[in-house]
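What follows is calculated from the coordinates using simple rules that are stated; it is not laboratory data. From a predicted model like this one, the values you see are computed outputs, not experimental measurements. Note that each Cβ is placed from the backbone with ideal geometry, even for glycine, and that neighbours are counted across all protein chains shown.
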């Protein structure tokens, strides 16, 4: 995947924590530590979006749609 160089501003406490992780060799460098944090946050955001969308579903309506699909099915063929 292509990478782009950007500039960011962090407070000193966050930067110190990143440096601590790099020093402990959890991440090879600051860039990788920040990239991992951003990837994790995006994944968490995507999961919460899925949960929000699922919460919008009407359980009884979804069940009736599922039951409707089962009603038209025939038996599975033997293999």
query: Spin-label point model (7 Å from Cα, Cβ direction): what's the residue 6 to residue 31 distance in nm?
result: 1.4
message: Rounded, prolate or oblate, given the Cα gyration tensor of the chain, with a/c below 1.5 counting as rounded?
response: prolate
message: Just to confirm the number: angle between the C-alpha axis of helix 30-55 and the first principal axis of the chain, 0 to 90 degrees, nearest 10?
response: 30
query: Quick one: which of 17-24, 50-57, 4-11 comes out on top by average Cβ neighbours within 10 Å, and what's the full order, highest first?
result: 17-24, 50-57, 4-11
For the chain, calculated [θ]222 nm from helices alone, where every DSSP H run of n ≥ 4 adds -39500 (n - 2.57): -21500 deg cm²/dmol
task: Compute the long axis of helix 12-23 from its Cα atoms, compare it with the longest principal axis of the Cα atoms of the chain, and write down the angle in degrees, 0 to 90, nearest 10.
output: 90
- request: May I ask for the angle, rounded to the nearest 10°, between helix 59-71 and the longest principal axis of the chain, with both axes built from Cα atoms and the value confined to 0 to 90°?
  value: 50
